[in-house]
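Have a look at the structure below before the remarks.
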Amino acid sequence: MNNQVQEVKALLGQLQLTSARDSLDELLTLTIKEDLSCLQFLHRVLEQEATARNIKSRNRRLKQAGFPEYQTIEEFDFGFQTSISRRQIQQLMDMHWLEKAFNLLFLGPSGIGKSHLAVGLGVQAVELGYQVCFVMMGELIKLLNTEAVSVKSKRRLKQIMSADLVIIDEVGLMPVTRQEANLFFQIISNFYQHKSVIVTSNKGFDEWVEFLGDPVITTAILDRLVHHSELFNMTGESYRLKHRNTIF
């Protein structure tokens, strides 16, 4: 019996059913204890493997997303941030907009929850099986500038280009050169009508030309971002300042 169990484990390993292999002893014990049929036992073995693979795949997608921290929509304080409603965000949780390559644009001053909402929706997308990439605008510009000379930058940009959802955080925080604005336009143009983008910015659209430095490129970028999109103009106090931690 023990030899047969070891042979089965070896076969499961060869078939790369490693979770089923590692759980085989426990599953056999439960099968005998609960007097399960052969079909029921097989179902449990396959269910164990499928569950483990789903968890592994989810964790891999979560790591590749590159979120600065793990934040969910459930943790968002809609009581403090009243310029956007829980119902509005809940309507986005099924990712129907992502399937249609719609964009989400969160605009408003710093500290009011734009990034939290973006990350929370990104986490939900990961949970539903989508590939997500989170990138700060400054990091994206650096990647675009160094793609030709850096293998790491090229690899990260490849991940971004293949994602179902790209979150670009803090657009407008720092000015860019005209060449960098052109690179940004190219990547937004590649995304257009093919993948969804979530953008957070502390600048209104009328201010984008200031940090992009070129009215023609600015118009072209906004045209592609806004064409299929939902825009959230958020207001209010900074949550971080209101709930700051003090020394005393």
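Scanning the range 45-76 for residues that are among the β-branched types (Val, Ile, Thr) and either in contact with a helix residue (DSSP H, G or I) (Cβ under 8 Å, 6 or more places away or on another chain) or open to solvent by less than 30 Å² (accessible area, probe 1.4 Å) (or both) gives Val45, Thr51, Thr72, Ile73. Restricting the first member to the range 176-190 and to residues that are in contact (Cβ under 8 Å) with a residue 24 or more places away in the chain, and the second to residues that are of a type in the set (D, E, K, R) and open to solvent by less than 40 Å² (accessible area, probe 1.4 Å), the beta-carbon pairs closer than 7 Å and six or more apart or on different chains are Arg178/Asp214; Ala181/Asp214. Phe41 falls short on exactly one of the conditions (1) in a loop (DSSP other than H, G, I, E, B); (2) without any contact (Cβ under 8 Å) to a residue 24 or more places away in the chain, and that condition is (1).
Quickly run through the range 18-38 and pick out the residues that are among the hydrophobic types (A, V, I, L, M, F, W, C) and either part of a helix (DSSP H, G or I) or open to solvent by 40 Å² or more (accessible area, probe 1.4 Å) (or both).
Restricting attention to the range 18-38, the residues satisfying the condition of being among the hydrophobic types (A, V, I, L, M, F, W, C) are 20, 24, 27-28, 30, 32, 36, 38.
Passing the criteria: Ala20, Leu24, Leu27, Leu28, Leu30, Ile32, Cys38.
Examine the range 150-163 for a residue that is without any contact (Cβ under 8 Å) to a residue 24 or more places away in the chain, of a type in the set (A, V, I, L, M) and out of contact with any Phe, Trp or Tyr (no Cβ under 8 Å at 6 or more places or on another chain), and state whether such a residue exists. Yes, some residue in the range 150-163 is without any contact (Cβ under 8 Å) to a residue 24 or more places away in the chain, of a type in the set (A, V, I, L, M) and out of contact with any Phe, Trp or Tyr (no Cβ under 8 Å at 6 or more places or on another chain). Of the residues making up the range 92-117, those that are part of a helix (DSSP H, G or I) and either touching a residue at least 12 places away in the same chain (Cβ under 8 Å) or basic (Lys, Arg) (or both) are Trp97, Leu98, Lys114, Ser115, His116, Leu117. Summed over the range 149-205, residues that are open to solvent by 80 Å² or more (accessible area, probe 1.4 Å) and assigned to a loop (DSSP other than H, G, I, E, B) total 6.
The values are calculated or read from the model by the stated rules, or taken from the named source; none is laboratory data. Values in this document were obtained by computation on a predicted structure and should not be read as measured data. Counting neighbours? That spans all protein chains shown, and the Cβs are built from the backbone with ideal geometry, glycine included. The protein model used for the area step is the full one, side chains on, heavy atoms only, and it has no ligands, DNA or RNA in it. Shrake-Rupley method; radii C 1.70, N 1.55, O 1.52, S 1.80 Å.
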